[in-house]
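The structure under discussion appears below in the form of structure tokens.
The values are calculated or read from the model by the stated rules, or taken from the named source; none is laboratory data. Note that the structure is predicted; figures quoted are calculated from it, not measured. Here the Cβ is made from the backbone with ideal geometry for all residues, glycine too, and neighbour counts use every protein chain on show.
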Amino acid sequence: MKSTRHFLAITVLLLPFLPLSTPDSKGLKEKITPLIENFRGEAGIYVEHLQSGETYELNADTLFPTASMIKVPIMLKIFDRIQQGELKYKQEMAWYADSINYSYDGGILWSYQEGKKISLDKLISLMITYSDNHASLWLQKLAGSGTAINAWLAEHGLEATRVNSRTEGRSSDYRQYGWGQTSPREMAGLLKTIREKKAVSPAASEEMYRVLTRPYWDNEAISEIPPYIQVASKNGAVSRSRSEVVLVNAPSGDYVFCIITKNQQDQSWKHDNEGWELIRHVSAMLWHHFEPEMHWDATDGDGVFR
């Protein structure tokens, strides 16, 4: 018989979510301020260079909608259940659309044949890489519930980040923020904690980081970072909010940033939406700020690939 090894999940007080004593970088403030002064809406930004400690904060502890960024906390709770032996990473399950009660006709999982089996690791990839909502809602259910995810977040020191959709007692929060809510500092801190192998367990953190480095949606912040530089990211969008959290494995050292908007006047879904433009401009500025010797700029390509 094969022996089964049980691992205890590492419980970590997530100190990165607390305000840091390091003051905002004057250089970053001077460069970011012109990028946001004409934005028609509210913006929150948190930036941290992990090696130097250089930071920038704007409404970093204010609550914003997560949109699809809530899929990072869902993934964390799924990996916690895997670590505890309650789920298996490669286990296969049969897909039935009615089981999640979500009628949107789109996404990859929606096209699956009823009763067709899919493994848990592929579901996680669909949720993070392609931001597939059907896979995400199924995984939220497999995580135990929105309540279970929120309990895990609270246990690990997060105060702003919560699941609202399909979660008992959070209907008013859902009406205000949608599927989930967070702050720029906490969402950036989540990626930092995963990068530092402090989320769930070192092995779980490494696997989660690998998943986060395979994004399909790369038109915004990632488009302003050289394609040969590894990034971990998750973005989100609803009509009046655009968001992205990114950790860049840059030559000068890792840096992480999260940009979230709300109450945008521009609710369009075009490439030049003001929220998406803000994310791209800040991302480009950060790359040049932290890597001034690289001399790289995104190639336009006349919009053929965007």
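Below are the figures for this structure:
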| item | result |
| --- | --- |
| Subset of the range 60-88 that is more than 18 Å from the chain's Cα centre (by Cα) and not hydrophobic (A, V, I, L, M, F, W, C) - its residue that is nearest to Ile194 (Cα to Cα) | Gln83 |
| Test: residue in the range 229-239 that is under 17 Å from Ile36 (Cα atoms) and either over 15 Å from the mean Cα position of the chain (by Cα) or surrounded by 14 or more Cβ atoms within 10 Å (Cβ to Cβ) (or both) | no |
| The range 257-306 - residue that is small (Gly, Ala, Ser) and at pLDDT 95 or above and, of those, surrounded by the fewest Cβ atoms within 10 Å (Cβ to Cβ) | Ser268 |
| Flag for Asp254 being acidic (Asp, Glu) and either surrounded by 19 or more Cβ atoms within 10 Å (Cβ to Cβ) or modelled with pLDDT under 95 (or both) | yes |
| Any hit, the range 97-120, residues being under 19 Å from Glu186 (Cα atoms) and touching a residue at least 24 places away in the same chain (Cβ under 8 Å) | no |
| Test: Ser111 is hydroxyl-bearing (Ser, Thr, Tyr) and touching a Lys or Arg at 6+ places or on another chain (Cβ under 8 Å) | no |
| Residue that is at positive phi and touching a helix residue (DSSP H, G or I) at 6+ places or on another chain (Cβ under 8 Å), where the choices are Gly146, Gly85, Gly107 | Gly107 |
| Top-ranked residue of the range 127-138 - restricted to ones that are surrounded by 23 or more Cβ atoms within 10 Å (Cβ to Cβ) and aliphatic (A, V, I, L, M), ranked as farthest from Val245 (Cα to Cα) | Ala135 |
| Test: residue in the range 201-220 that is crowded, with 22+ Cβ neighbours inside 10 Å, of a type in the set (D, E, K, R) and touching a residue at least 40 places away in the same chain (Cβ under 8 Å) | yes |
